[in-house]
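So the structure is just underneath, and the comments pick up after that.
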Amino acid sequence: MNPGCRTARPGTGRKVNRTFIQVILPLRLEWEPYYALPEGTHVSLGARVQVLFSGKTYTAVVCRTDATPDIPPDKIKEILAVEQDIRPVTAEEIRFWRFISDYYLCTMGEVYQAAYPTGRIAGEKTSVLIRQRLQRREEKEQARRAARRELLEKRIQAREAHLDKARKESVRETLRADIVRMKAQLAALQETSAPVEDRTSEGASICLTPAQEKALKQIQEAFAQGKNALLKGVTGSGKTELYLTLAKAALQKGRNVLYLTPEIAMGYQLAERIRRIFPAEFLSYTSAESPVVRRETADRVAGGPYFVLGTRSALFLPHHDLGLVIVDEEHDTSYKQDSPAPRYQGRDCALVLAAQHGCPVILGSATPSLESLYNCKTGKFVLVSLAEKYYGSGAEDIEIIDTQAERRKNGMEGHFSLKLILRIRETLRQGRQVMILRARRAYSPAVQCENCGQILRCPDCHVALSYHQDKGRLICHYCGHTEPFTNQCPHCGGPLALLGAGTQKIEEEAANLFPQARVARLDSDTPPAQAARIIDAFAAGETDILIGTQMLAKGFDFRQVALTVILQADSLLGLDDFRADEKAVQLLSQLRGRSGRRGGDSCFIIQTSQPEHPVYQMLSGAGPDLQMAERKDFSYPPFTRLVGLILKDENEARLETVSRKLAAALRTSLPDILLSGPYAPAVDRVAGKFIRHIRLTFPRDASLKTRKERLLRTVTDFCRDNRYDGHVSIDVDPA
Ligand code: ADP
Ligand code: ZN
C-alpha cells in the first residue's frame, strides 16, 4: 500500500447504509463500475481512489458520489483507499471528458487515459525526486545559456576585429549585419536568463500597426457579442502579435490563456518569444515531455495564473478561469488524433472547452480550413482579415518548373533543375537563405532489384522499405521494421537500385551542387535536442540552406529566407483522400510564407512533373471557393459529417467476410445513411494486420446525435455477437 493513501478499513460485516460511488477506470470499459465506500469514508466528485478490478489495482476517478446500483449491493466491492497526495480531477475536466466520449464515440476510460497517461499518474506520486530533477534541468539550461552567451560574445569580438581591418564595402556590410544580429541574440538571451522574481509580469508592450489595430477591434467586437473569431492573415502579418495582445488583456483581468499549436517543432521559436513577454505565467506542454515535467505543468496550471502553449493534449490540463483560447494554424490536420482513441480534433475540442468555460476563441491561419470558413458563412464565427505583411513585401514570385520537360532538355542535375540551381546560387550570393522541402525522409523512399524488378517491401506492411544511408539500413516508415542493407536482392541476388530521393539524398546533392553553402537537414529522423540547435543555427544565419520535410512549412520565423523550394511536389497530389487538394494548397502556401518575412523580394519555386495540376492554380486565392463548391457537390464535410470505421485483422479472409457483414448490419440499422465500403485503403496492411475501411456520411442536422448513438450500438453489439472485439475502431470526423 502506498504511504500516501489513507487505507480504507475492511467492512465490519454490517452492510447497512453503505454509500456507493461510480468510477472511471483507465480502461476501454463501456460502463462505469460501482464501488462501496467503507463506513466513515467520504469522497467528492473527481477524487482519486484505488480500486481492485479484475484482479488488478487501478487509480480511478470518482464520477458519481451518490450512486444507486442496479446490481445486488452485496456484489459490490469496497474501494481500497482514497489517494491523498494526488490532486482530484475537477468537475470541469469530467464535463469535458464526457463531451469527448459522447461526440467521438469512445469510452470515458479512454479519455481518462489520454488526459492522465499512466506515466503521469505514476509521476504524480514522486514529489521530492521531481523537484530535484527539475532543479538539475534548470541548472543545465542556465549553463547552456551561459555557454551560448560566451560563444556569441567571442564571435562578436572576432567580427569587430575583422571589421577594423576589412576594406571591401560588401564584406564590411556583411560583418556589420552579423554583429547587429548577434547582439540582438545576446540581448534576447540575457532577457530570458534573468531570474524571474516578479510573479505578476506586465508583459512587454506591443505597438500595433493601424491594420492590426483594426483587426483587433473586430476581434474584440466579436468576443463582446459572444462569438469566436477566425483571423485570416497572410504569413508575417502579425497574427501572433495579435494573439499576444489579446492574451495580455486576458491575463490582466486575472484570467488564464491556452495557446494551441499543431506541432511543437514550430512551437520552439514561439515559446522563446512568449516567455520573454510573460515570463511568470508562461508554461509549455507537449505529450513529448517526461511525466515529471508534465506533472509540474499540470500543478502550475491548477495553481494559476498561467499562459500555456501546447499541442492538442494541453486541452486536458486542469483548466480554470480561462479567459482566452488561441488556436494557431487552425487548418492543420495534425490537430486530429489518429490513434489511439479518443480520436479527437484538437481545434474542435478547443471550441467546446472554451464554450464550457464561457471564454472566447481566436482561430488563426493564412489558409483557413473549409470547416472554419463555413462557420464564418453561417455566422458562428466572425471572419477578420489581415492582408498586409508587417515588414511589407517586395516582389513575390512563383515559378513552376516542369521536371519532365527539363529532363528532356538535359536540364536536370540529379533532382535539381538548372533553372533552380541558378536561382539558389543567386540567392546565396546575396547572402540570403534557402529552404527546400521534400515530402519524403530517408535517403531513398524505395529500393528495386535491377535484375528481377522486385521492390523491397516490409514483411509486415504493404509498403516499400526506405533506405537510410546514415544507418546503412532499410526501414519501414509504417511499423519501424528494419533490416541491414546488403545491396543484394533477397529474391534473386541481383544488384539493387535506389529509387527516388528523400531528404538525406537531397541534402547530399545540395552539398555537392553548392560546395560553399552550409547545408542542414530537419525531419523526423532528427533527434529533438538536435532539432532545436538546427533551428537556432538557421535562424542565426549560421547555415544557408535548410532541407526538410513538411515540418519546414510550419510557423517558423526565419529572417533571411528569400527562396523556398519544393522538390517533387507530385508526392502531395492525387492521394485517395477528399482533402488531398486542400492539404496540398495549404502546405504550399505555408511554405511560400516562410520567405520574405522581413520584406525584400521573395521567390517560391515548385518542381513538379504535373505543372498543369489544378492545385497550382488554387494558390492564387480562388482556392477556397472552388474547393467549397466541390465539397458541396460531392456531399463532403463541412456540408455533412463523416464517420469512418477501421477494421484490422491478421486474417485477410476473415476480415473480408466480417467487414461485409458489418456494413450490411449498418445498412439495416441506419437505412437512410449513405454508406461506402468496405474498401481497402491505399496501404492496406500495416504491422501484420490487414485493413478495411467503411465510411458513413451523416446529414449535418439535429438527428446526428441519435444516429451516431445508433451507429455505436450497432458496432458494439456486432462485435460482441461475432466475438470481434478489438478489431474495429470508430473515427468521427476523420482528417
Ligand atoms: P504571423 O503570425 O502572421 O506569421 P508574426 O506575428 O509572426 O506574423 O509577425 C511577423 C513578424 O513581424 C514578427 O517578427 C513580428 O515580431 C513582427 N511584427 C508583427 N507585428 C508587429 C508589431 N505590431 N510590432 C513589432 N513587430 C511586429
Ligand atoms: Zn512495416
Self-check item: Residue in region 544-580 that is surrounded by the fewest Cβ atoms within 10 Å (Cβ to Cβ), counting only those that are farther than 27 Å from GLY233 by Cβ and in contact (Cβ under 8 Å) with a residue 60 or more places away in the chain
Solution: ASP576
Quiz item: What is the one condition in (1) outside the structural domain of ALA569 (by TED's automatic domain parsing); (2) within 32 Å of the chain's Cα centre (by Cα); (3) surrounded by 15 or more Cβ atoms within 10 Å (Cβ to Cβ) that GLU507 does not satisfy?
Solution: (1)
Quiz item: Of the numbered conditions (1) crowded, with 18+ Cβ neighbours inside 10 Å; (2) more than 26 Å from the chain's Cα centre (by Cα); (3) not in a strand (DSSP E or B), GLN627 satisfies every one except a single condition; which is it?
Solution: (2)
Quiz prompt | Exclusive hit being touching a strand residue (DSSP E or B) at 6+ places or on another chain (Cβ under 8 Å) and not in a strand (DSSP E or B), set ARG407, ARG347 | solution = ARG347
Quiz prompt | Residues located in region 238-259, provided they are out of contact with any helix residue (DSSP H, G or I) (no Cβ under 8 Å at 6 or more places or on another chain) and within 9 Å of ligand 1 (Cβ to nearest atom) | solution = LYS239, TYR243
Quiz item: For CYS359, are the conditions met, namely being more than 29 Å from ILE605 (Cα to Cα), more than 17 Å from the chain's Cα centre (by Cα) and not in a helix (DSSP H, G or I)?
Solution: yes
Quiz item: If you take the residues in region 365-391 that are in a helix (DSSP H, G or I) and of a type outside the set (S, T, N, Q), which one is surrounded by the fewest Cβ atoms within 10 Å (Cβ to Cβ)?
Solution: LYS377
Practice problem: Test VAL234 against the stated conditions and say whether it is away from ligand 1 (no atom under 14 Å from the Cβ), buried (at least 16 other Cβ atoms within 10 Å of the Cβ) and either within 21 Å of SER372 (Cα to Cα) or not hydroxyl-bearing (Ser, Thr, Tyr) (or both). | Solution: no
Quiz item: Among the residues of region 421-434, is there at least one that is within 30 Å of the chain's Cα centre (by Cα), of a type in the set (A, V, I, L, M), surrounded by fewer than 20 Cβ atoms within 10 Å (Cβ to Cβ) and away from ligand 1 (no atom under 16 Å from the Cβ)?
Solution: no
Practice problem: Can you tell me which residue among PHE307, PHE278 is at pLDDT 95 or above, more than 26 Å from CYS376 (Cα to Cα) and more than 16 Å from the chain's Cα centre (by Cα)? | Solution: PHE307
Quiz item: Which residue pairs have Cβ atoms under 9 Å apart, sit 6 or more places apart or on different chains, and have a first residue in region 363-374 that is in the same structural domain as LYS227 (by TED's automatic domain parsing) and under 15 Å from THR640 (Cα atoms) and a second that is small (Gly, Ala, Ser) and within 16 Å of ligand 1 (Cβ to nearest atom)?
Solution: SER372/SER365
Quiz item: Out of all the residues in region 443-455, is one or more within 16 Å of ligand 2 (Cβ to nearest atom), of a type in the set (A, V, I, L, M) and crowded, with 16+ Cβ neighbours inside 10 Å?
Solution: yes
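Out of curiosity, is LEU418 more than 30 Å from LYS648 (Cα to Cα), under 29 Å from the mean Cα position of the chain (by Cα), more than 16 Å from ligand 2 (Cβ to nearest atom) and not hydroxyl-bearing (Ser, Thr, Tyr)? Talk me through it step by step, then tell me what you get.
Working: more than 30 Å from LYS648 (Cα to Cα): yes; under 29 Å from the mean Cα position of the chain (by Cα): no; more than 16 Å from ligand 2 (Cβ to nearest atom): yes; not hydroxyl-bearing (Ser, Thr, Tyr): yes.
No.
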Quiz item: Hey, among VAL565, VAL615, VAL585, which residue is among the aliphatic types (A, V, I, L, M), not assigned by TED's automatic domain parsing to the domain that holds VAL234 and not in a helix (DSSP H, G or I)?
Solution: VAL565
Practice problem: Would you check if there is a residue in region 392-401 being at pLDDT below 95, within 16 Å of ligand 1 (Cβ to nearest atom), surrounded by 15 or more Cβ atoms within 10 Å (Cβ to Cβ) and farther than 30 Å from ARG181 by Cα? | Solution: no
Practice problem: Would you check if there is a residue in region 260-272 being within 13 Å of ligand 1 (Cβ to nearest atom) and among the aliphatic types (A, V, I, L, M)? | Solution: yes
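Can you work out which of the residues in region 541-557 that are in a loop (DSSP other than H, G, I, E, B) and at pLDDT below 85 is nearest to ligand 1 (Cβ to nearest atom)? Spell out the reasoning first.
Narrowing region 541-557 to residues in a loop (DSSP other than H, G, I, E, B): 541-544, 549, 554-557.
When the remaining residues are screened for being at pLDDT below 85, the result is 554-557.
Details: LYS554: 11, GLY555: 7, PHE556: 10, ASP557: 5 Å.
Residue satisfying both the conditions and the ranking: ASP557.
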Exercise. Give me the pairs, please: first residue somewhere in region 227-249 and touching a residue at least 60 places away in the same chain (Cβ under 8 Å), second residue anywhere and within 16 Å of ligand 2 (Cβ to nearest atom) and part of a loop (DSSP other than H, G, I, E, B), beta-carbon distance under 6 Å, and either six or more positions apart or on two chains.
Key: none
Quiz item: So which residues in region 459-479 are more than 14 Å from ligand 2 (Cβ to nearest atom) and of a type in the set (S, T, N, Q)?
Solution: GLN469
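The values are calculated or read from the model by the stated rules, or taken from the named source; none is laboratory data. This structure is a prediction, so every number in the text was calculated from the model and none was measured. Counting neighbours? That spans all protein chains shown, and the Cβs are built from the backbone with ideal geometry, glycine included.
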